[in-house]
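Novice: Below is one structure. I have some questions about it.
The values are calculated or read from the model by the stated rules, or taken from the named source; none is laboratory data. Quick caveat: nothing in here was measured; it's all calculated off a predicted structure. Methodologically, a virtual Cβ is constructed for each residue, glycine included, from the backbone with ideal geometry; neighbour enumeration extends over all protein chains shown.
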Amino acid sequence: MENVVIVGTGPAGLTAALYCARANINPLVIEGVQPGGQLTTTTEVENYPGFPESITGSELVLKMREQAERFGARYLTGEVVKSDFSGKPLKLEMADGQIIESSIVIIATGASAMYLGIESEQKLIGRGVSGCATCDGAFYRDEHVAVIGGGDTAMEDATFLTRFASKVTMIHRRDEFRASKIMSDRVKNHEKIEIMWDSVVDEVLGVEDNTVKGIKVRNVKTDEVVELPVTGVFVAIGHKPNSDAFKGQIEMDENGFIIADNTKTNVDGVYACGDVQDHIYKQAVTAAGTGCAAALEATRSLEKYDA
Ligand code: NDP
């Protein structure tokens, strides 16, 4: 049986791994289908403290991985598909059927930005198509960018992007925003923001050059198609927490985000950190911070059992 199993290898999971390894509690870290998490889908990371010249997302998580490994973290590749937290030991079922038992489970499975799913968009993710304005906005100084979506995230992203971009075009599939009035009004009244209502993106242009050159936007009411010469496309149509494997075992909100109080879930011995429990900040550095907190809580609780 394991002491601590950490599920997920983004900044939250790897920071938890580092702290658990240094506390000598011999963590096992499960690396899933997207090792490194969302950071590996961005290119340059300029807002992680300590890297004044910026660092690529992949390099940053690789360094975190190595750092935890240096202190003894062990890694297992595989996907957790089910869990049973009804009693001790806590149980995790892997896709290959293997059952892992542990005293403590730290869930750091993150969230996935939702994308439109069209082929050209998928090919250009991290190359002009982004799911995170805070991460990538500063690369678009004096450029024309598009934001897709009509919720609070889209409003926040569009407003944030006006700090850098010369122009922001919002593309929303209906004729009214879902977002709160105050945030919608800010967008509607902003001189740098133009709104295209009843509109969807049919294609992102630039696949042949591996960089965004524009988008084809179709009005769903008139079927008219226009080409916008944007260099950045920010998709803000929601995030999906990667919590399916834990459904029914711990408390979650209506969108599937795990409810955690200082990383403690409602189940004794189960902690959650990073974006799987955070739909507000969603940053690598905040994820790392909660990963540290989860590891400290886990370490304390093991000491309590040992005493
Ligand atoms: P939401 O689910 O609220 O909004 C998603 C938006 O994307 C909707 O306008 C939806 O359109 C649109 N959309 C969904 N799928 C597609 C698609 N396939 N193609 C085109 N458009 C699509 O997600 P958010 O991330 O905006 O917000 C999540 C939660 O976080 C909300 O509760 C929000 O209030 C909260 N939040 C709060 C903030 C704050 O208070 N500062 C900041 C950010 C988020 P449609 O409206 O037609 O369904």
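Novice: Condition first: in a loop (DSSP other than H, G, I, E, B), surrounded by fewer than 21 Cβ atoms within 10 Å (Cβ to Cβ) and among the basic types (K, R). Can you find one or more residues in segment 277-285 that meet it?
Specialist: Checking segment 277-285: at least one residue is in a loop (DSSP other than H, G, I, E, B), surrounded by fewer than 21 Cβ atoms within 10 Å (Cβ to Cβ) and among the basic types (K, R).
Novice: Tell me the strands (runs of 3 or more DSSP E) entirely within segment 79-137 that contain at least 1 residues that are over 20 Å from G36 (Cα atoms) and among the hydrophobic types (A, V, I, L, M, F, W, C).
Specialist: Here the list reads 90-94, 99-107.
Novice: A further question on this structure: Please go through segment 231-242 and pick out each residue that is over 19 Å from F177 (Cα atoms), within 16 Å of the ligand (Cβ to nearest atom) and crowded, with 22+ Cβ neighbours inside 10 Å.
Specialist: Passing the criteria: P241, N242.
Novice: Output the residues belonging to segment 157-209 that are small (G, A, S), within 10 Å of the ligand (Cβ to nearest atom) and crowded, with 16+ Cβ neighbours inside 10 Å.
Specialist: A179, S199
Novice: Let me spell it out: the conditions are (1) assigned by TED's automatic domain parsing to the domain that holds F85; (2) part of a helix (DSSP H, G or I); (3) modelled with pLDDT of 95 or more, and N266 meets all of them except one. Which number is the exception?
Specialist: Exception for N266: condition (2).
Novice: So, one more: Does any residue of segment 63-81 turn out to be farther than 24 Å from E2 by Cα and either touching a Lys or Arg at 6+ places or on another chain (Cβ under 9 Å) or not small (G, A, S) (or both)?
Specialist: Yes; the residues of segment 63-81 include at least one that is farther than 24 Å from E2 by Cα and either touching a Lys or Arg at 6+ places or on another chain (Cβ under 9 Å) or not small (G, A, S) (or both).
Novice: Return the residues of segment 93-117 that are touching a residue at least 12 places away in the same chain (Cβ under 8 Å) and on the phi > 0 side of the Ramachandran plot; say none if nothing qualifies.
Specialist: G110
Novice: Now, a different point. Being modelled with pLDDT of 95 or more, more than 30 Å from I6 (Cβ to Cβ), more than 25 Å from the chain's Cα centre (by Cα) and not in a helix (DSSP H, G or I) narrows it down to one of V233, V217, V204, V212, so name that one.
Specialist: V217
Novice: Go over the candidates S83, S58, S120, S54 one by one and state the one that is over 21 Å from L296 (Cβ atoms), without any contact (Cβ under 8 Å) to a residue 24 or more places away in the chain and touching a helix residue (DSSP H, G or I) at 6+ places or on another chain (Cβ under 7 Å).
Specialist: After applying the criteria, what remains is S58.
Novice: With respect to A138, is the statement that it is more than 16 Å from the ligand (Cβ to nearest atom) and either touching a residue at least 40 places away in the same chain (Cβ under 8 Å) or surrounded by 17 or more Cβ atoms within 10 Å (Cβ to Cβ) (or both) true?
Specialist: Yes, satisfied.
Novice: Now for a different question. Report, by residue number, each residue of segment 138-166 that is of a type in the set (A, V, I, L, M) and assigned to a loop (DSSP other than H, G, I, E, B).
Specialist: A165
Novice: Let me ask another. How about segment 102-118: which of its residues are more than 11 Å from the ligand (Cβ to nearest atom) and either of a type in the set (S, T, Y) or within 14 Å of V212 (Cβ to Cβ) (or both)?
Specialist: S102, S103, T109, S112
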